Amino acid sequence: MNKNKAFKVSIVMGSQSDYKIMKLCEKTLKNLSIKFETKIISAHRTPKRLYEYASNVKKNNIGVIIAGAGGSAHLPGMIAALTSRPVLGVPVESKKLKGLDSLLSISQMPRGIPVGTLAIGEDGAINAALLAASILSNYNQKIRNKLESWRLSQTKSVKRYPK
Ligand code: RP5
């Protein structure tokens, strides 16, 4: 870990069409004042871009990667194959199989190369950002405090009785 510079979260997605879901990662990280970058990288359409990106993760001070993709969603797994930094995969809902294809592609990694797989779609994107915050909170007191207070306000927002 580079102690002089805070880690950032890197949000990557396979296509512009994934952004309507993946922008929820950005929103959640902004709420927690966590630094991030956002990029489009396709495992299939831009493999050289993928390789260059994943080879420079440490140099670019990326602490956690959130990778969202749909269909034959190889992006998170291929990034995880090239870096030992934690990779969180968000299965984006696909047109044909409603994201079941994305979920299985991302979750069924062979032993030795893990990807932390979240839920399909919006919930997965938000939880990926919260999990990234949780990982970084091990090294960063400010993030830990922000995350704790975010969780407390969520708890307080749950009413005891229905109206
Ligand atoms: C995947 O194919 C992307 O992650 C996206 O979810 C899906 C469809 O991509 P587009 O055809 O919309 O570019 O690679």
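Worth pointing out:
- Rough spin-label spacing in nm, given labels placed 7 Å along Cα→Cβ, for Lys27 and Ala119: 1.5
- In the assembled protein chains, Asp101 presents an accessible area of approximately 40 Å² (probe radius 1.4 Å).
- Averaged over its residues, the chain has an accessible area of 61 Å² per residue, based on protein heavy atoms and a 1.4 Å probe.
- Each Lys and Arg contributes +1 and each Asp and Glu -1, all at the Cβ; summed about the Cα centre of the stretch 74-163, the dipole is approximately 440 debye.
- Carbon and sulfur %, accessible surface of the chain computed with the full protein complex present, 1.4 Å: 52
- Across Lys142/Lys163; Lys59/Lys95; Lys30/Lys98; Lys27/Lys163; Lys96/Lys159; Lys5/Lys156, pairs whose alpha-carbon gap is larger than 32 Å: Lys142/Lys163; Lys59/Lys95; Lys96/Lys159; Lys5/Lys156
- From its DSSP helices (H runs of at least four residues, each -39,500 (n - 2.57)), the chain gives a residue-normalised ellipticity at 222 nm of -13000 deg cm²/dmol.
- Ala6-Leu104 pseudo-label distance in nm [points 7 Å out on the Cα-to-Cβ vector]: 4.1
- Most fluctuating residue given options Leu152, Leu29, Leu97, as computed from a GNM of the chain linking Cα atoms under 10 Å: Leu152
- Rough spin-label spacing in nm, given labels placed 7 Å along Cα→Cβ, for Lys59 and Ser153: 3.9
- Inter-centroid distance (Cα atoms) of the stretch 80-121 relative to the stretch 48-78, Å: 12
- Dipole of the chain, positive end: most advanced residue of Leu136, Ser17, Leu88 [Cβ charges, Cα centre]: Leu136
- Remark on the stretch 23-88: Rg and Dmax equal 12.0, 33 Å (Cα only).
- Cα shape, the stretch 98-143, gyration tensor, a/c 1.5 rule: oblate
- Under 18 Å from the Cα of Lys146 - aspartates and glutamates, other chains or at least 8 residues apart: Glu26
- Between Arg144, Arg85, Arg111, the Gaussian network model of the chain with springs among Cα atoms under 10 angstrom shows the greatest mean-square fluctuation at Arg111.
The values are calculated or read from the model by the stated rules, or taken from the named source; none is laboratory data. In this text, all values refer to a predicted model and were calculated from it rather than measured experimentally. Glycine also receives a Cβ, built like all others from the backbone with ideal geometry; neighbour counts cover every protein chain displayed. Side chains are part of the model used for accessible areas, which takes the heavy atoms of the whole protein and leaves out ligands, DNA and RNA. Shrake-Rupley method; radii C 1.70, N 1.55, O 1.52, S 1.80 Å.
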